[in-house]
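Enquirer: Could you have a look at this structure, given as structure tokens, before my questions?
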Amino acid sequence: MGAGTRFGQLTGVLKTMRNLCPILCLTLAALLRAARLPAQELPSASSSAAVSSAAVEAAGSDDDILRDALWTRLASVRPPKRPSVGLALSGGGARGFAHVGVLEALGYAGFPVDYVSGTSMGAVIGALYASGIPVKELWDFGLDAGKAKISRDFRGIKVLKLLITDKLLTPTYIDRFINDRLGGKTFGNLKVPFACTAMDLRTGENLIFTEGPLAEAVRASVTLPGIFAPVQYGHRYLVDGGVADFVPIDAAEQLGADWVLASVTGNEHARMPENVLMSLLQVIDIRGSLLAASEEKRAGFVIEPQVSDMSVADFDRCVEAGEAGLVEATRRMDAAREALLVYSAPELIKKL
């Protein structure tokens with residue numbers, strides 16, 4: 001029997017059994033790779049072009065079947081039978097609503113998420129998701145954010161007032177938005193283990209919250225320093241976690257994640273700030289994301305929604321940011337799966 005015929009028959013068997021028994025499919029795929037003929041047994045040069053084409057097509061099919069079998073296995077089991085997966089959501093103000101689109105794409109693809117961490121706007125989205133709120137309702141919150149006039153907390157600030165007063169401002173609309181949805185909840189009664197970060201204004205220490213009242217921790221994580229009054233938490237005064245930890249990979253690992261997918265809004269801004277305050281907000285955002293460059297390298301995979309034309313205060317464009325996240329995450333989903341499979345394969349095979 002020729003190489004092409006035998007390869008085609010075995011590949012056909014794998015295709016038939018892929019949905020019946022993924023583990024057996026995986027085993028046969030491995031045997032198929034081992035059974036490939038050495039170079040000296042290939043047909044003569046006169047038919048080399050046809051054989052080469054068939055071999056490339058069969059090899060590609062073999063890879064697809066092996067990948068499908070591994071993914072089916074990975075998606076059907078929970079840790080410790082596979083590595084645990086964390087999702088780290090960056091800051092970015094209104095741009096951070098892109099994380100909602102990323103969450104929808106992950107859910108549609110059956111991508112496992114065992115832990116969630118967030119900072120700043122990522123803390124808000126992460127906390128809502130971890131509390132069990134369906135992604136469909138998270139989209140509604142994007143509409144609510146615009147109706148709640150959260151942007152007024154930023155655009156309504158007069159720089160002169162900040163300069164002449166001895167008091168920082170209170171983010172009225174943001175506090176109301178968070179308390180209405182997360183008030184009364186604790187980290188301990190969430191559906192998905194969750195952590196968020198904030199910075200101690202006195203020491204610069206990055207704090208990771210994994211227990212206690214949820215709304216208070218999330219409020220601290222979104223409080224911009226120098227503009228809004230810090231949140232008092234015990235003996236500490238806390239501000240936006242994105243200043244010290246823009247992409248909270250450490251927080252996801254502290255929860256127990258073996259492999260972390262990061263959703264990052266990036267530091268590019270296509271629009272010039274419209275006033276002094278917007279300039280300050282943009283500088284804070286850029287500084288945080290630049291500090292996070294080394295953190296991103298520790299992630300197993302990074303998705304970067306294209307939201308550069310939005311400012312951190314464009315809360316009336318939250319749904320638009322979410323759509324950008326959905327598009328980018330969908331585009332990158334195959335590569336994300338591949339990265340997780342490469343990391344997980346030794347563990348999956350060991351558990352067979």
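The values are calculated or read from the model by the stated rules, or taken from the named source; none is laboratory data. Every value quoted in this text rests on a predicted model; they were computed, and no experiment measured them. All Cβ positions, glycine included, derive from the backbone under ideal geometry; neighbour counts span all protein chains shown. In case anyone asks, the SASA skips ligands and DNA or RNA and just uses the protein heavy atoms, side chains included. Shrake-Rupley method; radii C 1.70, N 1.55, O 1.52, S 1.80 Å.
Enquirer: Kindly establish whether R33 is of a type in the set (K, R), modelled with pLDDT under 55 and open to solvent by 10 Å² or more (accessible area, probe 1.4 Å).
Expert: Working: of a type in the set (K, R): yes; modelled with pLDDT under 55: yes; open to solvent by 10 Å² or more (accessible area, probe 1.4 Å): yes.
Yes: the conditions hold for R33.
Enquirer: Being open to solvent by 60 Å² or more (accessible area, probe 1.4 Å) and within 24 Å of the chain's Cα centre (by Cα) is the filter here, so list the residues in the stretch 220-255 that pass it.
Expert: Across the stretch 220-255, the qualifying residues are D250, E253, Q254.
Enquirer: Further, regarding this structure: Test G183 against the stated conditions and say whether it is open to solvent by 10 Å² or more (accessible area, probe 1.4 Å) and either under 30 Å from A339 (Cβ atoms) or at pLDDT 90 or above (or both).
Expert: In short, yes.
Enquirer: Can you pull out every residue in the stretch 183-214 that is under 21 Å from L103 (Cα atoms) and more than 21 Å from the chain's Cα centre (by Cα)?
Expert: If the condition is that a residue be under 21 Å from L103 (Cα atoms) and more than 21 Å from the chain's Cα centre (by Cα), then N189 is the only one that fits.
Enquirer: Turning to a different aspect of this structure: With the structure loaded, tell me whether I157 is at pLDDT 90 or above, surrounded by 12 or more Cβ atoms within 10 Å (Cβ to Cβ) and in a loop (DSSP other than H, G, I, E, B) or whether it fails that test.
Expert: no
Enquirer: Considering only the stretch 208-218, I want to know if a residue exists there that is open to solvent by 10 Å² or more (accessible area, probe 1.4 Å) and under 21 Å from V312 (Cβ atoms).
Expert: no
Enquirer: Select from the stretch 96-128 the residues that are outside any helix (DSSP H, G or I) and not hydroxyl-bearing (S, T, Y) and write down the one among them that is surrounded by the most Cβ atoms within 10 Å (Cβ to Cβ). Full working, then the answer.
Expert: Our first condition is that a residue be outside any helix (DSSP H, G or I); within the stretch 96-128, this holds for 110-120.
Next, from what is left, pick out any that are not hydroxyl-bearing (S, T, Y): 110-114, 116, 118.
On the way: G110: 12, F111: 21, P112: 21, V113: 17, D114: 20, V116: 30, G118: 35.
The qualifying residue surrounded by the most Cβ atoms within 10 Å (Cβ to Cβ) is G118.
Enquirer: Please go through the stretch 209-237 and pick out each residue that is over 21 Å from P193 (Cα atoms) and hydroxyl-bearing (S, T, Y).
Expert: First pass over the stretch 209-237, keeping only residues over 21 Å from P193 (Cα atoms): 223-237.
Listed by number, the residues that qualify are T223, Y233, Y237.
Enquirer: Also: Among the residues of the stretch 73-92, write down those that are out of contact with any His (no Cβ under 6 Å at 6 or more places or on another chain), surrounded by 18 or more Cβ atoms within 10 Å (Cβ to Cβ) and either part of a strand (DSSP E or B) or free of Cβ contacts under 8 Å to residues at least 60 places away in the same chain (or both).
Expert: Within the stretch 73-92, V85, G86, L87, A88 qualify.
Enquirer: Take the stretch 129-141 and flag every residue that is buried (at least 24 other Cβ atoms within 10 Å of the Cβ) and either modelled with pLDDT under 90 or of a type outside the set (G, A, S) (or both).
Expert: Residue satisfying the conditions is Y129 alone.
Enquirer: If you don't mind, another one. Can you tell me which residue in the stretch 336-349 is nearest to K81 (Cα to Cα), limited to those that are open to solvent by 20 Å² or more (accessible area, probe 1.4 Å) and touching a Phe, Trp or Tyr at 6+ places or on another chain (Cβ under 7 Å)?
Expert: Y343
Enquirer: What number of residues within the stretch 174-205 satisfy the criterion of being under 30 Å from R78 (Cβ atoms), in contact (Cβ under 8 Å) with a residue 40 or more places away in the chain and not aromatic (F, W, Y)? Give the steps one after another, and end with the answer.
Expert: As a first pass, look at the stretch 174-205 and keep what is under 30 Å from R78 (Cβ atoms): 181-182, 184-197.
From what is left, the residues that are in contact (Cβ under 8 Å) with a residue 40 or more places away in the chain are 181-182, 185, 190-197.
Remaining after also requiring not aromatic (F, W, Y): 181-182, 185, 190-193, 195-197.
Total satisfying the criteria: 10.
Enquirer: State whether one or more residues within the stretch 310-325 are among the hydrophobic types (A, V, I, L, M, F, W, C) and surrounded by fewer than 16 Cβ atoms within 10 Å (Cβ to Cβ). Even if it seems obvious, please write down each step before you answer.
Expert: Restricting attention to the stretch 310-325, the residues satisfying the condition of being among the hydrophobic types (A, V, I, L, M, F, W, C) are 310, 312-313, 315, 318-319, 321, 324.
Those left that are additionally surrounded by fewer than 16 Cβ atoms within 10 Å (Cβ to Cβ): none.
Checked against the condition, which is being among the hydrophobic types (A, V, I, L, M, F, W, C) and surrounded by fewer than 16 Cβ atoms within 10 Å (Cβ to Cβ), the stretch 310-325 yields no hits at all.
Enquirer: Condition check: open to solvent by 10 Å² or more (accessible area, probe 1.4 Å), over 18 Å from G322 (Cβ atoms) and either part of a loop (DSSP other than H, G, I, E, B) or modelled with pLDDT under 95 (or both). Does T203 satisfy that?
Expert: So T203 fits the description; yes.
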